[in-house]
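Step one of this worksheet: look at the structure below.
The values are calculated or read from the model by the stated rules, or taken from the named source; none is laboratory data. Keep in mind the model is a prediction, meaning the values are calculated, not measured. Ideal geometry is used to build each Cβ from the backbone, glycine not excepted, and the neighbour counts take in all protein chains shown.
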Amino acid sequence: MGEMHASVPEQADRGRRPSAGGLSAGDIGASADRRAKGLARRSPTSSERTSCGLGYRESSPPFSFLDHSNRPIGYSLELCEAIVEEIGVEVDDANLKIEYVKVTSG
């Protein structure tokens with residue numbers, strides 16, 4: 001009789017459960033790593049703008065929602081903003097901008 005082996009997820013797939021905002025920590029980390037490596041190869045020229053897009057839902061409190069000024073806020077966004085700040089440090093771009101992108105389920 002042959003041995004039975006349990007399926008083990010690949011390293012890259014661990015921790016990739018979708019969050020309320022549609023991204024998982026694994027997605028963010030992998031994307032940030034690829035983006036940081038790509039930006040680290042050269043410094044952007046003054047005509048180039050570096051930014052990081054963050055998807056948000058308008059009504060998924062406490063993860064993401066709009067405040068009274070219609071600005072996206074929430075726990076997930078605070079976490080992502082901290083990650084973008086660290087990406088800026090890693091690629092030596094203190095002016096790395098965040099572009100908020102509204103996402104819907106449809």
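Please specify each residue of the stretch 71-99 satisfying the condition of being at pLDDT 90 or above, exposed (fewer than 13 other Cβ atoms within 10 Å of the Cβ) and outside any helix (DSSP H, G or I). Passing the criteria: R71, K97, E99. Put simply, of T104, T45 the only residue that is loosely packed, with under 14 Cβ neighbours inside 10 Å and modelled with pLDDT of 90 or more is T104. The set of residues from the stretch 48-70 being surrounded by fewer than 12 Cβ atoms within 10 Å (Cβ to Cβ) and either at pLDDT 95 or above or assigned to a loop (DSSP other than H, G, I, E, B) (or both) comprises E48, R49, P62, D67, H68, S69, N70.
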